[in-house]
Amino acid sequence: MRRWLSLLFTALLLLALPACGSAPQEESDKTPVQAPIQESEPEPTPEELAAQEVEDLLSSLTLEEQVGQLFFVRVPEADAVADVSTYHLGGYILFGRDTQDKTANDLIQTLCGYQDAADSDTGIPLLIGVDEEGGTVVRVSSNPHLRASKFSSPQRLYAAGGMDAILRETREKDRLLAALGFNVNLAPVADVSTDSGDFIYDRTLGQDASATADYVSSVVEQMTADNMGSVLKHFPGYGNNADTHTGIALDQRPYETFTQSDFLPFQAGAASGRGKTAVLVSHNIVACMDPDLPASLSPAVHDVLRQELAFTGVVMTDDLAMEAVSAYAEDGAVAVMALEAGNDLIITTDYRTQIPKVIEAVENGALDASVIENACRRVLTWKQELGLIPSGA
């Protein structure tokens, strides 16, 4: 019996001992440490992807190509296809001479030829623009081969059927222009004029600032929905000024007139454009903002547009070949002045002279390269918004 009890005690003792090679187990009051969870990088937003597409494209362009993108020029009478690649142009604007007597197929083939030349050069499509305001300025519908009758003026449409009539014609206009190959209509006119004696009156709605702002907002919203680029003109507001095609126009109105009236349609249009609208700056000298320089060449006027009105899109000049600005630049380098003032796009017939002057100004340090880069970035972004280059979305 004693032997059996001794064996049982030994067996129980062995069971209580730790297994061979294992360390004694000790209790711990410490919480087990868990490995940190690795958080994945957030996916870039469509806006970030789109912005990166622009940056990648911008960085791939030479100085000459960047400068060329800043010129939205009148189609020349000769060598139009060749000049697209020679000057790396950003876009062409067609006038009545360029559409006259052409059939729809003629015009489509012509514009396709311009785009093919751009594709073979930088691969960046051209802005193809036209002034098709309706009424007195109709570069396309003045040709009966393209439309049976001219598009009506905003005033006439408004009197006949209000905004509904204006928007119906806006939609028809956008469809026609897009079918022909245009992607920008330099419209609507955002100037406020109620005096039939004003130079600009016939091209405006002919109503007060509030009604004009509603008109501009509605038209731009429709153009945006139709993916047609719009251009608000003529900042900071033409008022009762003379025609700057033939000379200087001096605007003596107080600043309050602009803040309470002229600026309102531009602000309304910019808000409705959602990135697809640009602003065109006039050649008027607006004394309350800059008594010395035409608005198109004035840094002060562009500061008002950028800072006080907070416009971030493309800003373009009126035609720099007009007499109102030709005398202001040393050595004729008016495009250099325009870019220094804050414009992104240069409208001119004189691009064969102006583009080399801009390149020279950058190369000799007279114009900072960042001015070109910032302007080109906005131009490429506008093209992207219009679906001409990839959006990254």
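Within region 378-393, restricting attention to residues that are open to solvent by 70 Å² or more (accessible area, probe 1.4 Å) and in a helix (DSSP H, G or I), the residue that is nearest to LYS276 (Cα to Cα) is GLU385.
Contact annotation: residue pairs with Cβ atoms under 7 Å, 6 or more positions apart or on different chains, pairing a residue in region 255-284 that is β-branched (Val, Ile, Thr) with a partner that is in a helix (DSSP H, G or I), are THR277/VAL220; THR277/GLY269; THR277/ALA270; VAL279/PHE266; VAL279/LEU305; VAL281/ALA295; VAL281/SER296; VAL281/VAL301. Out of curiosity, is ARG175 over 26 Å from CYS112 (Cβ atoms), of a type in the set (Lys, Arg) and either in a helix (DSSP H, G or I) or open to solvent by 10 Å² or more (accessible area, probe 1.4 Å) (or both)? No, not satisfied.
Mind checking which residues of region 342-351 are under 15 Å from LEU293 (Cβ atoms) and open to solvent by less than 10 Å² (accessible area, probe 1.4 Å)? Don't jump to the end; show me each part of the working.
Initially, region 342-351 is screened for residues under 15 Å from LEU293 (Cβ atoms), giving 342-343.
Listed by number, the list holds a single entry, ASN343.
From the list LEU111, LEU89, LEU107, exactly one residue is open to solvent by less than 20 Å² (accessible area, probe 1.4 Å) and either modelled with pLDDT under 95 or closer than 23 Å to THR353 by Cα (or both). Which is it? Walk me through how you get there before you give the answer.
Working: LEU111 fails: either modelled with pLDDT under 95 or closer than 23 Å to THR353 by Cα (or both); LEU107 fails: either modelled with pLDDT under 95 or closer than 23 Å to THR353 by Cα (or both).
Residue meeting the stated conditions: LEU89.
Within region 272-295, the set of residues being over 26 Å from GLU221 (Cα atoms) and not in a loop (DSSP other than H, G, I, E, B) comprises ILE285, VAL286, ALA295. Within region 193-221, residues that are without any contact (Cβ under 8 Å) to a residue 12 or more places away in the chain reach partners that are open to solvent by 10 Å² or more (accessible area, probe 1.4 Å) with beta carbons closer than 7 Å, at six or more positions or on different chains, in the pairs TYR201/ASP195.
Restrict the check to region 352-372 and report whether at least one residue is crowded, with 16+ Cβ neighbours inside 10 Å, under 28 Å from ALA268 (Cβ atoms), touching a strand residue (DSSP E or B) at 6+ places or on another chain (Cβ under 9 Å) and touching a residue at least 40 places away in the same chain (Cβ under 8 Å).
no
Among the residues of region 147-166, those that are open to solvent by 90 Å² or more (accessible area, probe 1.4 Å) and under 29 Å from the mean Cα position of the chain (by Cα) comprise LYS150, ASP164.
Do any residues in region 323-337 that are farther than 17 Å from ILE372 by Cβ and in contact (Cβ under 8 Å) with a residue 40 or more places away in the chain have Cβ atoms under 8 Å from those of residues that are in a helix (DSSP H, G or I) and open to solvent by less than 90 Å² (accessible area, probe 1.4 Å), where the two are at least six apart or on different chains, and which pairs are they? Pairs that qualify, where the first residue is farther than 17 Å from ILE372 by Cβ and in contact (Cβ under 8 Å) with a residue 40 or more places away in the chain and the partner is in a helix (DSSP H, G or I) and open to solvent by less than 90 Å² (accessible area, probe 1.4 Å), are VAL325/SER296; VAL325/LEU297; VAL325/VAL334.
Being open to solvent by less than 30 Å² (accessible area, probe 1.4 Å) and of a type outside the set (A, V, I, L, M, F, W, C) is the filter here; which residues of region 223-238 pass it? Selection gives THR224, GLY229, SER230, LYS233, HIS234, PRO236, GLY237, TYR238. Scanning region 335-348 for residues that are over 17 Å from the mean Cα position of the chain (by Cα) and either modelled with pLDDT under 95 or acidic (Asp, Glu) (or both) gives a single hit, GLU340.
Just checking, does region 199-207 include any residue being in a loop (DSSP other than H, G, I, E, B) and surrounded by 24 or more Cβ atoms within 10 Å (Cβ to Cβ)? Taking every residue of region 199-207 in turn, at least one turns out to be in a loop (DSSP other than H, G, I, E, B) and surrounded by 24 or more Cβ atoms within 10 Å (Cβ to Cβ). Taken over region 297-308, the criterion of being free of Cβ contacts under 8 Å to residues at least 60 places away in the same chain, open to solvent by less than 30 Å² (accessible area, probe 1.4 Å) and in a helix (DSSP H, G or I) is satisfied by LEU297, HIS302.
What tally of residues in region 78-131 results from selecting those that are outside any helix (DSSP H, G or I) and in contact (Cβ under 8 Å) with a residue 12 or more places away in the chain? The total comes to 22.
A quick yes/no check of all residues on (1) open to solvent by 40 Å² or more (accessible area, probe 1.4 Å); (2) of a type in the set (A, V, I, L, M, F, W, C); (3) within 24 Å of the chain's Cα centre (by Cα); (4) over 24 Å from VAL379 (Cα atoms):
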{"residue": "ASN240", "(1), (2), (3), (4)": "yes, no, no, yes"}
{"residue": "LEU250", "(1), (2), (3), (4)": "yes, yes, no, yes"}
{"residue": "GLU256", "(1), (2), (3), (4)": "yes, no, no, yes"}
{"residue": "ALA270", "(1), (2), (3), (4)": "no, yes, yes, no"}
{"residue": "ARG274", "(1), (2), (3), (4)": "yes, no, yes, no"}
{"residue": "LEU280", "(1), (2), (3), (4)": "no, yes, yes, no"}
{"residue": "ALA287", "(1), (2), (3), (4)": "no, yes, no, yes"}
{"residue": "ALA295", "(1), (2), (3), (4)": "no, yes, yes, no"}
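Does ALA329 satisfy the criteria of being open to solvent by 10 Å² or more (accessible area, probe 1.4 Å) and closer than 23 Å to VAL67 by Cβ? Judged against the criteria, ALA329 is a match.
The values are calculated or read from the model by the stated rules, or taken from the named source; none is laboratory data. None of these values were measured; they are calculated from a predicted model. Here the Cβ is made from the backbone with ideal geometry for all residues, glycine too, and neighbour counts use every protein chain on show. In case anyone asks, the SASA skips ligands and DNA or RNA and just uses the protein heavy atoms, side chains included. Shrake-Rupley method; radii C 1.70, N 1.55, O 1.52, S 1.80 Å.
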